[in-house]
1. So Glu379 passes all but one of these: (1) at pLDDT below 95; (2) farther than 28 Å from Ala104 by Cβ; (3) of a type in the set (D, E, K, R). Which condition number does it fail?
2. Taking the condition touching a Cys at 6+ places or on another chain (Cβ under 9 Å), within 16 Å of the ligand (Cβ to nearest atom) and under 23 Å from Leu398 (Cα atoms), does Phe230 pass?
3. State whether one or more residues within segment 370-391 are more than 26 Å from Leu81 (Cα to Cα), surrounded by 18 or more Cβ atoms within 10 Å (Cβ to Cβ) and small (Gly, Ala, Ser).
4. It is to be established whether one or more residues within segment 85-103 are within 16 Å of the ligand (Cβ to nearest atom) and in contact with a strand residue (DSSP E or B) (Cβ under 6 Å, 6 or more places away or on another chain).
5. For Tyr175, only one of the following conditions fails: (1) within 23 Å of Val449 (Cβ to Cβ); (2) in a strand (DSSP E or B). What is its number?
6. How many residues are in contact with a His (Cβ under 8 Å, 6 or more places away or on another chain) and more than 14 Å from the ligand (Cβ to nearest atom) when one looks only at segment 45-55?
7. For a quick check of your reading: which helices (runs of 4 or more DSSP H) sit entirely within segment 242-352 and have at least 3 residues that are polar (S, T, N, Q)?
8. Within segment 193-202, is even one residue modelled with pLDDT under 95, within 16 Å of the ligand (Cβ to nearest atom), outside any strand (DSSP E or B) and of a type in the set (S, T, N, Q)?
Amino acid sequence: MNKLLCILFCFYLVIPMTLQGEPDQDLYCGFSRIDITPPVGYRRAGNFREIITTGVRDSLYAKAMVFRQGTEQAVLVFCDLTSISPVVAQQARQQIAAQTDILASNIIISATHAHTAPLYFGIRRKLFHEQALKKYQGSDPHEEIDYPKHLTAQIVQTVSRAQNSLQPVQISAGYTWQTGLSFHRRFYMKPGSERLRQPGAVVRMNPGRMHPDILRPAGPIDPKVNLLFFRNPDNTPLASLVNFALHLDTVGGTEFSADYPYFLQQIFQQKYGPEFYSFFGLAPCGEINHIDVTTKEPLTTETIGKTLAKTALDYFGWLDPVDKPALAVESKTIRVPMKSFDSKELAKAEKDIHLMGTSEIAWLDQVQANTILNIQARESKELAIEIQAIRLSDNVALLALPGEVFTELGLAIRKAVPFETVFIFELSNDGPGYIPTRQGFHKGGYETVNALVAPGGGEAMADAAIELLQELHASF
Ligand SMILES: [Zn+2]
């Protein structure tokens, strides 16, 4: 009788707990990818002159991963694009939120910064499009499709597929190092160097290989390679995420290409099979590229991709298992001043923009015109900077920032936060040009001209990101 009572009592305790539910605390992930290559003939981005594409070297993708633990969900989408249009990002996030139970603020849409990708928004696109409309009597042969609309639909579809494929996963995380591929690209030059053409600047971007006037690089690189590796409970490899600070401008030419992450995908799929998902997110690398000025030998896209892939492959087995996942997402938006300009400067920009891509005005004047008109198009004196942070465990976090962020800001954030592995994805949800440090602005150079934000905005963004990550860690 006592035994029976005990059993009944146990049922009384256990059954309601199971029915009402402790939420399922396993971590689930879903993955998907979708082709976003425009028709050949669409304009290429990543340059200040008009480039018409002539082919596809390798296809462009939007790749989505969805995380779910209990009721918390987070989405990361990495697009093989130079930059993500803030309008596309906003509309895609709203549509995903409307169609699923995922909050728009928990969705990160990030560009890998592949330069061999379409030019589909901003002042330069508008200029070349309007020139074509005039030239071809009202139709633009280089915009065969409404690409922003197509891209939005593709992103929404791939996130939906990723969510439909949620499955329990085991994640491991950590970081290794990669040297020899990435180089600081701003240099102090000998006083009076003819290569220092910008008045007031003390540094020069990409002065050229073996240039005799080079004194030294004006800052550091970030050699960390942050890695996530996903397996299913049977230990089958499912996906990886690589986060590295190196500009994706290594291909050139007139064909679409995802740049060096294409080779990561190729190498990982050779090892783990064609169903394996290879994700790449770009770490802050505003002033980092692949040009080693101490040698005449260029690094090819294939060498970069395969070298980085090997470094990651060699380390996947050494990553730490994320044993106690604790998924949480926080975000905040700060407003920082943009650069100001007077009516004379605006009038000059409006005139200069029509000389874009010609040799009639200096290149930096073209960059300046582009910046001023992009600021004006935002119809505000302030730039809204959205910062999103995902906590995977007490030791692993992911952070999304807009713009092309100077590597020094990324390094400062990582140093100040209590997580050991911190993924940072720049160019998320918006592309307001470069986000230099205050010091960087002081030194001048191309990146500071191609920036909408006023000096100090980068530090304000970094401070807000640090605070957000500290809060996420404290709430563990
Ligand atoms: Zn760039």
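1. Against the list (1) at pLDDT below 95; (2) farther than 28 Å from Ala104 by Cβ; (3) of a type in the set (D, E, K, R), Glu379 comes up short only on (2).
2. No.
3. There is no residue in segment 370-391 that is more than 26 Å from Leu81 (Cα to Cα), surrounded by 18 or more Cβ atoms within 10 Å (Cβ to Cβ) and small (Gly, Ala, Ser).
4. Checked against the condition, which is being within 16 Å of the ligand (Cβ to nearest atom) and in contact with a strand residue (DSSP E or B) (Cβ under 6 Å, 6 or more places away or on another chain), segment 85-103 yields no hits at all.
5. (1)
6. Looking only at that region, the number is 1.
7. Answer list for segment 242-352: 261-272, 301-316.
8. For segment 193-202, residues modelled with pLDDT under 95, within 16 Å of the ligand (Cβ to nearest atom), outside any strand (DSSP E or B) and of a type in the set (S, T, N, Q): absent.
The values are calculated or read from the model by the stated rules, or taken from the named source; none is laboratory data. Everything numeric in this text was worked out from a predicted model, so none of it was measured. Here the Cβ is made from the backbone with ideal geometry for all residues, glycine too, and neighbour counts use every protein chain on show.
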